[in-house]
Every structure is written in structure tokens, then in C-alpha cells.
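Here, each number is a calculation from the coordinates, and none is a lab measurement. This structure is a prediction, so every number in the text was calculated from the model and none was measured.
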Amino acid sequence: MEFNVRRLAADAGTFLSRAVQLTEETFGQAEKTELDAHLETLLIRAESTKHWTEKIMKQTEVVLQPNPNVRMEEFLYEKLDKKVPTRANNHELLGECMIDSGHEFGPGTAYGSALVKCGETEKLLGSAEKEFIHSAAINFLTPFRNFIEGDFKTISKERKLLQNKRLDLDAAKNRMKKARVADARSAAETELRIAQSEFDRQAEITRLLLEGIGSTHAHHLRCLNDFVDAQAAYYAQCYQYMVNLQKQLGSFPSTFSNNNQPASSSSASVSVPSAPPAASLPAPPPSQTSPALNELRSTSGTRKARVLYDYDAASSSELSLLADEVITVSSVPGMDSDWLMGQRGNQKGKVPITYLELLN
């Protein structure tokens, strides 16, 4: 108990001494030991690194999640150490809406099919966005946050200790100047040597930590490269999805009514080649098609085929077709020789051979 009282009294005396020294320095009544120029430069660079790391983190989070309410919710989940609930992003919600409406209008119609195709692409864009955000959070934001919450906190702690040691040193210098009696002067000299030694040691510790900022910059540069690579891959993937969608929609009419017939309008519409009924179509040239068909039927495999004309299914066992789209076809034992089994995504049905061109 007595030891604790003495310890508290000593701590109180040290605190009071530092407060007095700081107050006198503020009013110009006491001298202040200046840090060497190299250490001051390192301190300035550390503060600048902290400042810009925090700003880059904040703006990156805005780019990855523009909704401030969602950002706050994710922050709270993180602080509570709970898993953020899985939610559909805007692309996925739009995709689901388009797909549902496309099925409502009928996937066999041009508009319905176009909506389904757009919806599927939007969902792909949403999935790519989630992968990009996940990659950016792990490889870019996390290392930046670790610096702020880890390395820089250590630097700040040691810097505060350096400030206290500097105040102790200057307070000891002032007591040395004021000492008049020999015994008091001897005690002041001893106190000054100890204070100088502790200050020099703490300055060296702080300097070594601050020089590590160079390694931090090198690490953040690698993280920046990872972020740029992930961003480039994400945009390239999105671009490819949209190019593929454009190709799929290229054969659709630009204006049509709900029953998939051209609508009367003053503006020009894109004409789409219409096909006569399957029964009246000429058979494909034997020299071009028969070998491919024979191979398809003999191997019971699958081939890609390009659709030559629009075709509306006459029954639920058939598959509606759109000109210029590419589908997968196969031969089913026992099926009429004029038909093949076609597949588009999850949709399957019979398709007339005369409407198709088998691809290599």
C-alpha cells in the first residue's frame, strides 16, 4: 500500500512537471529541445501517409458501395463481429425483374426473349461486381486499414512517449539552471543525464518505426497494383458480357407490338427476315448438310447451330427460335428425320432442321 502511494505521488509529480514545462514553452518562458531535422521529416511523412491513406480508403469505399446507409450497416456488422447479410445488388435486382417480365410476356416472343437475355446479363454483371468488391476489400482496403489501426497506432504511441521524454528532458535542464546549492546541482546533473539518455533512446525507437513508412509505401504500391488489376478484369468482363448481349439482340426488331408483330409507326423499323412455313422450305443441299447430320445422328452428340429464320413453336414440345441466334442441337433416337432437339439455356424443344445451319 505504501509503495502504491509513493508510486502515485511520483507519477503525479512527473505529470505536474510536464504540464508546467509545456505551459512555459507555450508562453515562451522556457526553452524547448528541437528534434533533429531527419526525425522531423519522418514525422511529417508519417502524418501525410496517415492522412492520405484514410482519404483513399474513404473514397474507395464510396466507389465500391455508393449507398451511405448500406456502408453504415456494414460498418456496424463489422464492429459487432457479425456476418453481413447476403443481399442482391442493383444489377441482380434489375436482372430478376427483367427475367420475370420476359417470362410473363412469353420467352417465345422477341420482346420476352430480349428481356430474358438482358436480365441474365444483368445478373452476370451483378455477380462480377460482387467478385470485384470482394477482391478490392481483401487486397486493397484491408492492408490500408491494417496500417491505420496497427502500425500507425504504434507510431503514435511511441511519438507520444517521445514528447513526454522531451518534456522531462527540458524540465531537467530548467532545474539544472536554477540549482544554486552544490548538492542540488549534483542531483540536477544526475537527473539531466538520465533524462537525456531516456530521450535519446526513445528518439531512436521512434526513428526506426518512422523509417518503416518506406516499407509501408512499397506494400501499398503492391496493393494498388492488385486493385487496378482487379478493376481492369472487372470492366473487361462487363464489356464482354455487353458485347455478347449486343450480338444476341442484333436480330431483334426495333419496334413491334405486344404480339410480336411490327407496330405501325411513323419511325422506320428494322426489318427482320421472315421464313415461310417449315413444310414449304426447300431442303438443305445434301452436299453441305447431310454429312454433318449423319455425324450428329451417329455419335448422339451435340452441335452448335445458327438459326436462319424466326420460328414460333406450334406446341409445348417445340422450341421457338429467333433468326441469327445460336443454339445447341442434338439427335434423339426415334425422332422424325426433319427435326432435332434444340436447347437454349434451360429451355428445350424440337426444332425443324430446315431452319438451322449447323456450325463447325
Need the C-alpha centroid separation for segment 156-205 versus segment 101-146, integer Å. 64
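Would you mind checking K58/K83; K55/K117; K58/K157; K50/K82; K130/K350; K58/K130 for any pair whose Cα atoms are more than 30 angstrom apart?
Check vs 30 Å cut-off fails for K55/K117; K130/K350.
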Under 12 Å from K123, Cα to Cα: aspartates and glutamates that are on another chain or at least 8 residues apart: E92, E96
Per residue of segment 130-145, in order, report the coupling 6.51 cos²θ - 1.76 cosθ + 1.60 (Karplus, θ = phi - 60°) as ³J(HN,Hα) in whole Hz, putting x for Gly and Pro. 4, 5, 5, 4, 4, 5, 5, 5, 6, 8, 10, 5, 4, x, 5, 5
